[in-house]
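The values are calculated or read from the model by the stated rules, or taken from the named source; none is laboratory data. As the structure is a prediction and not an experimental result, all values here were calculated from the model. Positions of Cβ are backbone-derived with ideal geometry, glycine not excepted, and every protein chain shown enters the neighbour counts. Quick note on the areas: whole protein, heavy atoms, side chains included, nothing else; ligands and nucleic acids left out. Shrake-Rupley method; radii C 1.70, N 1.55, O 1.52, S 1.80 Å.
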Amino acid sequence: MHSSATRVVLTLVSIFSVTIFAMEGSVILDYNTRLVRTKQCIIFACSEHDMYFNVLALMAANQFVQPVHMNSSYDLVSILTRENYARTSVIVDTTCEGAPKLLKEASANRYFNKTYQWLLWGVEANITDLLPIDLDYVGPNAQLTYVNKTSDAYFLWDVHSKGRQLKSPLELRLIAKLSTELQKLVIINEIFDLQSIKYRSQFNGLTLRGASVIDQEDILTNQQIEAILSRPTKDAGVAAFIKYHYELLSMLRDLFNFTVNFRNSRGWAGRLGNTTFRLGLLGIIKRNEADIAASGAFNRINRFAEFDTIHQSWKFETAFLFRFTPDLDTRGKSGNFLAPFSRQVWLFTVATLIGINSIWLLLDYLSKRWHSQAMQCIEERIFNIRNSRNLSSHPAITNSHSKWTERILLTFGAVCQQGMEPIPRDIPSRSIVLTVFLFSVVMYNYYTSSVVGGLLSSSDLGPATVDEITNSPLKVSFEDIGYYKVLFKESSNPIVTRLISKKLSASRGPNEMGVYGQIEDAIPYLKRGGFAFHCEVVDAYPIIAELFDANEICDLREVSGLMEVEIMNWIVHKNSQYTELFRTAMCKAREVGLVERLLRQRQMKKPECQSLYTVYPVTITGVSSAFLTLLSGVLIALFALCLEIASVKWQIRRNRLSHRHGALALAHKHIHLNMLADVHI
């Protein structure tokens, strides 16, 4: 019931409306307060008296009112903004001369949607004249109410169509009527029910404009597109998510009873030169040349302003697929001689052993000095020098090297757990020996267990990143589909650039697969090994499960990272008249499990490895470090032998020179003595 002030205003409006006013105040008031229940009302009229009394009535009913005179200058975009209430009514007096222009501008800016409730005062006017066919944004999401009048009552009609751009007729359903005598509103149907999916889901066989992407030659007709997309098997040039979204579209087609006339595009995106003109599927949807697409689209920030998303469920995941072979152990964890320890650990271990040897030698030196053995060693050395005339034996040279070489050999033997002979007798040396043995037990056990574990484990073998794929000996090919060609042409990612320069630029032999190919053609190369194929993994899994044996499945590896793993958007044109309708239907389909059922059918899981474990043979690259160490030892031994030979020869030469000089000196001495004797005589 209206308040007393509202009733007074309505009485005045009813008195003057007989002679002056075009719009009945009680109809407008009941529409705002009882039917759509808004808090804000915008009135477009051309009669000042009409606006005045209707504004008073609405304000008395606690409505925020904004009157706009249609004969004056106004900007519709600045009036219908985000700052309006969430539920706002727009009253239009269609008897005014500016009404057709207003409705055309509202249709062009897509204001006949879920944001505004429009009331078209169309007394003594035909609805088809008010909303001609060129007003194409009067669709299933329109919230339009049309008012006409008979001799005794006003009638309010819900107006919409299934797509004026498709020449679909206007559909009217009676909402309520208001008796001119009793001024009583009788509600026939709830307006929000008439504007819901319940009453607007029947398209009566209307043909919508569709679009899809099939990267094949001479795909022109709707029959060709339908035949390819409806096949459950893989087709060349058709991504897995294309057929999945086609099945979702088929579900909507059955639910809303419409048909689709498809047009084909060879690609998804692109721009004409340096312009903003979009090409491909996205260009078709952006220009509103298609109402729905049998395809998903990638998430990009600049696309949210151009497209509406009606559903998200498909996980787009691509990867390099290859069969692991031992020569692909790029991380060196399978039988590599040096792999259990990193370079820093090896260097620190060598430095530790050098320090232990130095400390050991220092302790020996201090121990001998503390026990007053230095003089005895000096006397023995002098005695050996004076009495040694045999060139084949040089104890002085041997003794000078014996201590430190013995200590190195003893320490190395202890680290290799080969024992120690002779055993030191002094306590400091025994403490060092005990520490070295304890150190060797810990390091040796960890080292051997890591080597054995690397031979038995196969879960982390092979290249694990795109860069490792690039640096590996694998030959690389890609599925022949459009998004790879766009990636290689437009991407400035250094990873992609290195991949192109090292793997894709080189020429290929007649027995090798080309850069682009189909999954069926890549299977023999994958089984053979030494080959990686990049594709959408859900397309490859069924073929792999059928053609690979158990061991080959266990050897299968995946490396992702070239393209992002993301959930794809099912998009329509921005502010499309079908956005809310299809979005609501897809939410219900997800709730009842239809989407999950389709995902299980389309997204096959990776075939599981049935073997317990696989032992891979150690390759030459795995043991090359051991052989290099052995070769280094041989070279060091030869170098040491050369040094010893040179040292011995130098010592022999030195001894000969010293003997010669001694003999000459002795001869000169004898001559000098003889001369002195002769003189004395």
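Overview of results
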| read-out | value |
| --- | --- |
| Candidate set from region 1-37 (those that are modelled with pLDDT of 90 or more and in a loop (DSSP other than H, G, I, E, B)); member that is least open to solvent (accessible area, probe 1.4 Å) | V36 |
| Restricting region 476-498 to residues that are closer than 21 Å to F531 by Cβ and among the charged types (D, E, K, R), the residue that is least open to solvent (accessible area, probe 1.4 Å) | E479 |
| Looking only at region 108-138, and only at residues there that are assigned to a loop (DSSP other than H, G, I, E, B) and within 21 Å of A153 (Cβ to Cβ), the one that is least open to solvent (accessible area, probe 1.4 Å) | G122 |
| Residue check for V213: in contact with a Gly (Cβ under 7 Å, 6 or more places away or on another chain) and closer than 20 Å to Q603 by Cα | yes |
| Filter pass, Q183 being of a type outside the set (K, R), at pLDDT 90 or above and within 30 Å of H160 (Cβ to Cβ) | no |
| Residues satisfying the stated conditions in region 220-254, i.e. surrounded by fewer than 22 Cβ atoms within 10 Å (Cβ to Cβ) and of a type in the set (S, T, Y) | T221, S230, T233, S250 |
| Test: residue in region 205-219 that is open to solvent by 70 Å² or more (accessible area, probe 1.4 Å), out of contact with any Ser or Thr (no Cβ under 7 Å at 6 or more places or on another chain) and touching a residue at least 24 places away in the same chain (Cβ under 8 Å) | no |
| Test: residue in region 493-501 that is in a helix (DSSP H, G or I) and among the hydroxyl-bearing types (S, T, Y) | yes |
| Test: residue in region 253-260 that is in contact with an Asp or Glu (Cβ under 8 Å, 6 or more places away or on another chain) and part of a helix (DSSP H, G or I) | no |
| Of the criteria (1) part of a strand (DSSP E or B); (2) in contact with an Asp or Glu (Cβ under 7 Å, 6 or more places away or on another chain), which one L174 fails | (2) |
| Pairs with Cβ under 8 Å, 6+ apart, first in region 469-495 and of a type in the set (D, E), second part of a loop (DSSP other than H, G, I, E, B) | E479/Q518; D480/D215; D480/A236; D480/G237; D480/Q518 |
| Failed item, numbered, when Y74 is tested on (1) surrounded by fewer than 19 Cβ atoms within 10 Å (Cβ to Cβ); (2) out of contact with any Phe, Trp or Tyr (no Cβ under 9 Å at 6 or more places or on another chain) | (2) |
| Boolean, V572 is part of a helix (DSSP H, G or I) and either more than 25 Å from F478 (Cα to Cα) or among the hydrophobic types (A, V, I, L, M, F, W, C) (or both) | no |
| Selection count, region 147-168, where residues are among the β-branched types (V, I, T) and exposed (fewer than 15 other Cβ atoms within 10 Å of the Cβ) | 1 |
| Residues located in region 38-64, provided they are open to solvent by less than 10 Å² (accessible area, probe 1.4 Å), farther than 21 Å from D193 by Cα and of a type in the set (V, I, T) | I42, I43 |
| Residue satisfying condition, being over 23 Å from A297 (Cα atoms), free of Cβ contacts under 8 Å to residues at least 40 places away in the same chain and crowded, with 16+ Cβ neighbours inside 10 Å, within set E171, E190 | E171 |
| Failed criterion for Y516 (all others in (1) open to solvent by 70 Å² or more (accessible area, probe 1.4 Å); (2) under 18 Å from E317 (Cβ atoms); (3) in contact with a strand residue (DSSP E or B) (Cβ under 7 Å, 6 or more places away or on another chain) hold) | (2) |
| First in region 591-611 and farther than 28 Å from D549 by Cβ, second anywhere and part of a helix (DSSP H, G or I) and not hydroxyl-bearing (S, T, Y), Cβ under 6 Å, 6 or more apart | V595/A589; L598/E247 |
| Odd one out for L185 among (1) within 18 Å of R583 (Cβ to Cβ); (2) open to solvent by less than 50 Å² (accessible area, probe 1.4 Å) | (1) |
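Per-residue answers, yes or no, for (1) among the hydrophobic types (A, V, I, L, M, F, W, C); (2) closer than 25 Å to K286 by Cβ; (3) assigned to a helix (DSSP H, G or I); (4) open to solvent by less than 70 Å² (accessible area, probe 1.4 Å):
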{"site": "I553", "(1), (2), (3), (4)": "yes, no, yes, yes"}
{"site": "R557", "(1), (2), (3), (4)": "no, no, no, yes"}
{"site": "S576", "(1), (2), (3), (4)": "no, yes, no, yes"}
{"site": "L581", "(1), (2), (3), (4)": "yes, yes, yes, yes"}
{"site": "A585", "(1), (2), (3), (4)": "yes, yes, yes, yes"}
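Here is a yes/no grid of residues against (1) free of Cβ contacts under 8 Å to residues at least 24 places away in the same chain; (2) out of contact with any Gly (no Cβ under 6 Å at 6 or more places or on another chain); (3) among the hydrophobic types (A, V, I, L, M, F, W, C):
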| position | (1), (2), (3) |
| --- | --- |
| M59 | yes, yes, yes |
| L76 | no, yes, yes |
| Y85 | no, yes, no |
| V92 | no, yes, yes |
| L102 | no, yes, yes |
| N109 | no, yes, no |
| A125 | no, yes, yes |
| I133 | no, yes, yes |
| T150 | yes, yes, no |
